[in-house]
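Next up is a structure, given as structure tokens.
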Amino acid sequence: MFSSARFLTVAAKPSSLRDVRDFVREGAIGAKLPEARMGELDLLVEELLMNVCAYAYPNDRPGDVTVSYSVPGPGELSIELADQGAEFNPLKMEQPDLTLSLEARPVGGLGIHLVKTFAKSLSYRREQGWNRLTFGFSAGS
């Protein structure tokens, strides 16, 4: 059984994380994802939302992010974060050098690396002034 998309629009601020995480968890429960995967899902949602907060609306300009999810099938969840901020494709960031010590690593890039690791699929597109980052998450990804 699949579900049509559900949407939530919140301010692109770190304080919106709890609402976004709870919303996405509703989808995960509907998709019957195992509880053991929820921590990974929370990590992905947090990383992607914080990227929007940090990069989409520079100079403390207010803006929103719309989060949507659908359940394409049992054990499958599709999530999209969309904003009308500055164009930012996190998938173009360089892969972090994981051989460096923590002290020697530059800031940034590790979160997207984790998203790429845990997500079943990941894509970005800029469409009519919107940044749209979509990822798939499954019971077995």
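The values are calculated or read from the model by the stated rules, or taken from the named source; none is laboratory data. Since the model is a prediction, treat every value here as computed from it, not as a measurement. Positions of Cβ are generated from backbone atoms using ideal geometry, with glycine treated the same way; all protein chains shown enter the neighbour counts.
If you take the residues of region 1-45 that are outside any strand (DSSP E or B) and among the polar types (S, T, N, Q), which of them is nearest to Lys120 (Cα to Cα)? Lay out the reasoning, then the answer.
At the first step, the residues of region 1-45 found to be outside any strand (DSSP E or B) are 1-2, 12-45.
Now restrict to residues that are among the polar types (S, T, N, Q): 15-16.
On the way: Ser15: 27, Ser16: 25 Å.
Selected residue: Ser16.
Here's a follow-up. Before we move on, is Arg37 of a type in the set (D, E, K, R) and at pLDDT 95 or above? Spell out the reasoning first.
Numbers: of a type in the set (D, E, K, R): yes; at pLDDT 95 or above: no.
Judged against the criteria, Arg37 is not a match.
Could you check region 31-80 and list, in sequence order, the residues that are of a type in the set (Ser, Thr, Tyr) and over 15 Å from Lys116 (Cα atoms)? Spell out the reasoning first.
Restricting attention to region 31-80, the residues satisfying the condition of being of a type in the set (Ser, Thr, Tyr) are 55, 57, 66, 68-70, 78.
Listed by number, the residues that qualify are Tyr55, Tyr57, Thr66, Ser68, Tyr69, Ser70.
Now for a separate question. Cβ contacts < 8 Å: first residue over 20 Å from Lys92 (Cα atoms), restricted to region 31-59; second residue of a type in the set (Asp, Glu), any location; separation 6+ or different chain. Result?
Qualifying pairs under 8 Å: Ala31/Glu76.
Starting from region 112-141, take each residue that is under 16 Å from Leu44 (Cβ atoms) and list its partners that are part of a helix (DSSP H, G or I) and of a type in the set (Val, Ile, Thr), counting only C-beta distances under 7 angstrom and pairs at least six apart or across chains.
Note: pairs meeting the criteria are Leu122/Val115; Phe135/Val115.
Hey, any hits in region 96-114 for a residue that's in contact with a strand residue (DSSP E or B) (Cβ under 8 Å, 6 or more places away or on another chain) and either modelled with pLDDT under 85 or assigned to a helix (DSSP H, G or I) (or both)?
Within region 96-114, the subset in contact with a strand residue (DSSP E or B) (Cβ under 8 Å, 6 or more places away or on another chain) is none.
No, every residue in region 96-114 fails to be in contact with a strand residue (DSSP E or B) (Cβ under 8 Å, 6 or more places away or on another chain) and either modelled with pLDDT under 85 or assigned to a helix (DSSP H, G or I) (or both).
Let me ask something else. When only residues in region 122-141 that are surrounded by fewer than 16 Cβ atoms within 10 Å (Cβ to Cβ) and assigned to a loop (DSSP other than H, G, I, E, B) count, which is modelled with the lowest pLDDT?
Filtering first and then ranking leaves Gly140.
Mind listing whichever residues of region 16-46 are under 28 Å from Ala86 (Cβ atoms) and of a type in the set (Val, Ile, Thr)?
Residues satisfying the conditions are Val20, Val24, Val45.
Follow-up question, since we're still on this one. From the list Ala119, Ala54, Ala31, which residue is buried (at least 19 other Cβ atoms within 10 Å of the Cβ), modelled with pLDDT under 95 and within 15 Å of the chain's Cα centre (by Cα)?
Values: Ala54 fails: buried (at least 19 other Cβ atoms within 10 Å of the Cβ); Ala31 fails: within 15 Å of the chain's Cα centre (by Cα).
None of the other options fit; the residue is Ala119.
Against the conditions (1) within 14 Å of Gln84 (Cα to Cα); (2) among the aliphatic types (A, V, I, L, M); (3) not in a helix (DSSP H, G or I), where does Leu49 fall short? Just the number, please.
It fails just one condition, (3).
Take Glu80 and decide whether it is surrounded by fewer than 16 Cβ atoms within 10 Å (Cβ to Cβ) and either more than 15 Å from the chain's Cα centre (by Cα) or under 26 Å from Ser4 (Cα atoms) (or both). Talk me through it step by step, then tell me what you get.
Details: surrounded by fewer than 16 Cβ atoms within 10 Å (Cβ to Cβ): no; either more than 15 Å from the chain's Cα centre (by Cα) or under 26 Å from Ser4 (Cα atoms) (or both): yes.
So Glu80 fails the test.
Pairs under 8 Å by beta carbon, first residue without any contact (Cβ under 8 Å) to a residue 12 or more places away in the chain in region 8-21, partner surrounded by 13 or more Cβ atoms within 10 Å (Cβ to Cβ), six or more apart or different chains?
Here the result reads Asp19/Leu8; Asp19/Val10, each pair linking region 8-21 to a residue that is surrounded by 13 or more Cβ atoms within 10 Å (Cβ to Cβ).
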